[in-house]
1. So the label point goes 7 Å from the Cα of Lys54 along Cα→C-beta, right? Which residues of the range 263-286 then have their backbone N under 17 Å from it?
2. So, R0 is 45 Å and r is the distance between the beta-carbons of Asn83 and Gln266; what FRET efficiency does that work out to, to 0.05?
3. Report, in order of residue number, the helices in the chain meeting two criteria: a C-alpha extent of 15 Å or more along the helix axis, and a mean Kyte-Doolittle hydropathy of at least -0.5; treat each whole DSSP H run as one helix.
4. Take the residue pairs Lys77/Lys240; Lys109/Lys252; Lys56/Lys277; Lys105/Lys195; Lys240/Lys277 and return only those whose Cα atoms are more than 24 Å apart.
5. Leu145 label point, 7 Å along Cα→Cβ, cut-off 19 Å on backbone N: hits in the range 191-231?
6. How large is the helix-only mean residue ellipticity at 222 nm for the chain, computed as the sum of -39500 (n - 2.57) over DSSP H runs with n ≥ 4, divided by its residue count, in deg cm²/dmol to the nearest 500?
7. Which part of the range 49-84 falls in the paramagnetic zone of Asp37, meaning amide N under 16 Å from the point 7 Å along Cα-to-beta-carbon?
8. Arranged by the count of other C-beta atoms within 10 angstrom, fewest first, what order do Glu194, Glu91 take?
Amino acid sequence: MVEQLTHYGTVLEQEPLSRHTTLRVGGCARYLIYPKDVESIQGIIDFCCEHSMKFKVIGRGSNLLASDQNFLGVVLKLDRSFNHIQFEGNEVTVASGYSMMRLAKEVVKRGFTGFEWASGVPGNIGGGVYMNAGAYGRDISHNLLRVQVINRDGQLFWLDNHECQFSYRTSIFQTRKDLVVLQAVFSFEIGNIEKSIQQMDSWREYRQSTQPLQLPNCGSIFRNPPNQSAGKMIEDLGLKGKRIGGAQVSEKHANFIVNVDQATAQDIADLIAYVQKAIQDHYHIELHQEVEYFNW
Ligand SMILES: Cc1cc2nc3c(=O)[nH]c(=O)nc-3n(C[C@H](O)[C@H](O)[C@H](O)COP(=O)(O)OP(=O)(O)OC[C@H]3O[C@@H](n4cnc5c(N)ncnc54)[C@H](O)[C@@H]3O)c2cc1C
């Protein structure tokens, strides 16, 4: 089986997903592949259909809670070969494996503005589009013109911004799991390089002082309920520091859960459920996860 897959890129067998998620948890993937090109993605999807295997595309794993179970399918990791970027005037075409942090810097370097918010978000373009990642009142949908995707049948097509159905941390890709994002086209306005650098520096300092960046985490665990801050509600209930196994509600930011001591995915899921119940009991509000559960 593995020989067939090696046509499509670099294949790792029984690869621990804890190496590919920023929470540093997760069982082994039967196969983890870095596809070498678009045709290879199609080949891998066909392979999975033929062998009745599941597949999952990941980027940096910075929004994933992979279960402790082994994943009996194929994980496609889009980074190495999906890393191209091309500027044409104020438009830029970026492959889905390109880092959002790097794009933020490139955009500013070329004298444009509009992507500074992403300079502290450790995901790739594909994961960013899927999540409609954002910060400081902006999100990826703001400057996005269109996205190229491939579906299960190997058809390539473009979805324009409104067809992506972006809303707060959601997009069509969260319901249409058959679509793999290949590249995205953005347009940016002309900016002021110094001002943008200052803005990114000040946001970086802010993140460093308010987020537990030294410990494995996945950013915000919960989406903010309308007009409320999930972090503030959790903090007000005195849950900072609450620990289950090796997972802890961060002392620094209550909407972060950190892996302080070889946490299992189950520890993290139990802590998430504990916080949700506490919020439900006290505020009668249901907190929804921003982190995505995978292979549960
Ligand atoms: C320290 C820290 C700070 C963070 N700050 C923020 C923040 O300010 N704002 C914010 O929005 N998020 C934040 N995050 C969360 C995370 O970085 C974002 O959600 C990011 O968009 C996830 O990208 P990724 O490449 O890691 O995706 P992954 O976690 O690998 O995947 C997330 C989902 O996207 C899907 N996906 C990935 N690539 C593709 C593709 N090419 N085609 C189709 N589906 C795909 C996956 O299947 C999965 O369902 C933070 C995380 C950390 C660790």
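1. 265-266, 269, by backbone N distance to the label point.
2. The computed FRET efficiency comes out at 0.85.
3. Span-like helices here: 38-50, 265-283.
4. Lys77/Lys240; Lys109/Lys252; Lys56/Lys277
5. Backbone N within reach: 191.
6. Mean residue ellipticity, 222 nm, calculated: -8000 deg cm²/dmol.
7. Under cut-off, by backbone N: 80-84.
8. So the ranking, lowest neighbour count to highest, is Glu194, Glu91.
Throughout, read-outs are computed from the coordinates displayed, never taken from laboratory work. Worth saying up front: this structure is predicted, and the values here are computed from it rather than measured. Positions of Cβ are backbone-derived with ideal geometry, glycine not excepted, and every protein chain shown enters the neighbour counts.
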